[in-house]
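**Student:** Before I ask anything, let me first share the structure, which is written out below as structure tokens.
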Amino acid sequence: MTARRVEAVVLASQYVGHSSPARAIAQACRDTLSRPYAVGLTLAADASLGRRACLAAEGTLAECGETLQVNLGEGPCVQALERAEPVLVPDLDGRDDVRAWTVYAGQARAKGIRAVFAYPVVNGDRTGSRAGLVLSLYDDRPGPLSAADLRVAGIHAHAAELLLLSVPTPADDALAETWLLPLDAVIHQAVGMISYRHALTTDQALALLRAHAHVEGVDLADLSHAVVHGGRRLPGVTTRPPPDAAP
């Protein structure tokens, strides 16, 4: 076991049984870094972030950065999962660094994000794996991430993974209460409702929801809330007939 892995195990052990383990790990990471980076932590079943949960967003820039990636389906988290290696972008004005996610980069700059660093923990060693956990750092000024801070991010990302693996399988509601942020729960609910109503796959339902949010210029979570709690129907989509409908 590597020294980094040992440190991750020791760190994770401090938060076993914590009421909000992911947020505690993210805040601990933030407190340890040499700069006041905002810290986000995302768990994804696919690199498009279609099936994902934002586990933590410590700091305003992290809230913005994580939300944009979910809204757009692109960004450093997506690239980090696809490459199965860290994505380190010291300046969002650098065209070469952001060419895979130019829309995200433009909107992130408008929110005050100038640099972003994404550290993935991918299941298995296969490059190109599309599932895993990503710890992201956001800065309001351009500049490189130091080797020491990259190491800190890696240790905390692995600690978060160990905590997830150590969690027993509770009821879905209990897991959501412990690990997920409330806004993510409503997005998952909206995707499920749209998928059922319109006989779509969950990926198709998410793409539809994203498209309407983009066209209307609203946040994905706000539109999801309207679908789940406000009876909102998306226009231009045929609704599935009820099960007892006559042929």
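**Student:** Using 7 Å Cα-to-Cβ label points, what is the Val9/Ala100 separation (nm, one decimal)?
**Tutor:** About 3.2 nm, to one decimal.
**Student:** Can I ask one more? To the nearest 10 square angstrom, how much accessible area does His188 have with a 1.4 angstrom probe?
**Tutor:** The accessible area comes out at roughly 80 Å².
**Student:** May I pose another question? Sequence-distant or interchain residues sharing an amide H contact under 5 Å with Val121, placed H: which?
**Tutor:** Under 5 Å from the amide H of Val121 lie the amide H atoms of Leu133, Val134, Leu135, each far enough along the sequence or on another chain.
**Student:** Separate question: Subtracting the Cα-Cα distance from 0.36 nm times the residue separation, let me have the gained length for Arg232 to Val218 in nm, one decimal.
**Tutor:** On the way: separation 14, 0.36 × 14 = 5.04 nm, distance 1.37 nm.
Going from the current span to full extension adds 3.7 nm.
**Student:** Simple spin-label model, 7 Å along Cα-to-Cβ: Ser146 to Val16 in nm?
**Tutor:** Going by the 7 Å Cα→Cβ label model, 3.2 nm.
**Student:** If ligands, DNA and RNA are left out, what is the accessible area of Glu85 with a 1.4 Å probe, given in Å² to the nearest 10?
**Tutor:** 90
**Student:** Could you give me the ³J(HN,Hα) list for the stretch 192-198, computed from phi with Karplus coefficients 6.51, -1.76, 1.60 and θ = phi - 60°, whole Hz, x at Gly and Pro?
**Tutor:** 3J(HN,Hα) across the stretch 192-198, in whole Hz: x, 5, 5, 4, 6, 4, 10.
**Student:** What is the extension gain from Glu85 to Thr60, computed as 0.36 nm multiplied by their sequence separation minus the C-alpha to C-alpha distance, in nm to one decimal? Please report the intermediate quantities before stating the final value.
**Tutor:** Working: separation 25, 0.36 × 25 = 9.00 nm, distance 2.52 nm.
Full extension of this stretch gives 6.5 nm more.
**Student:** By its C-alpha gyration tensor, with a ≥ b ≥ c as the square roots of the eigenvalues, how is the stretch 1-122 shaped: rounded for a/c under 1.5, else prolate for a/b larger than b/c, else oblate? Don't skip to the answer; put the middle values down first.
**Tutor:** On the way: a/c = 1.68, a/b = 1.61, b/c = 1.05.
Judged from the Cα gyration tensor, the stretch 1-122 comes out prolate (a/c at least 1.5, a/b above b/c).
**Student:** Ok, one more. Could you work out how far apart the two model spin labels at Lys111 and Leu164 are, taking each label as a point 7 Å from the Cα in the direction of the beta carbon, and quote it in nm?
**Tutor:** Placing both labels 7 Å along Cα→Cβ, they lie 2.0 nm apart.
**Student:** Which shape class applies to the stretch 48-112: rounded if a/c is under 1.5, otherwise prolate when a/b exceeds b/c and oblate if not, where a ≥ b ≥ c are the square roots of the Cα gyration tensor eigenvalues?
**Tutor:** Working: a/c = 1.56, a/b = 1.12, b/c = 1.39.
Note, shape of the stretch 48-112 comes out oblate.
The values are calculated or read from the model by the stated rules, or taken from the named source; none is laboratory data. If you're wondering where the values come from, they're calculated on a predicted model, not measured in any experiment. Using ideal geometry, Cβ is built from the backbone for each residue, glycine included, and neighbour counts are taken over all protein chains shown. Each accessible area value is taken on the protein alone, full model and side chains, heavy atoms only, with ligands, DNA and RNA left out. Shrake-Rupley method; radii C 1.70, N 1.55, O 1.52, S 1.80 Å.
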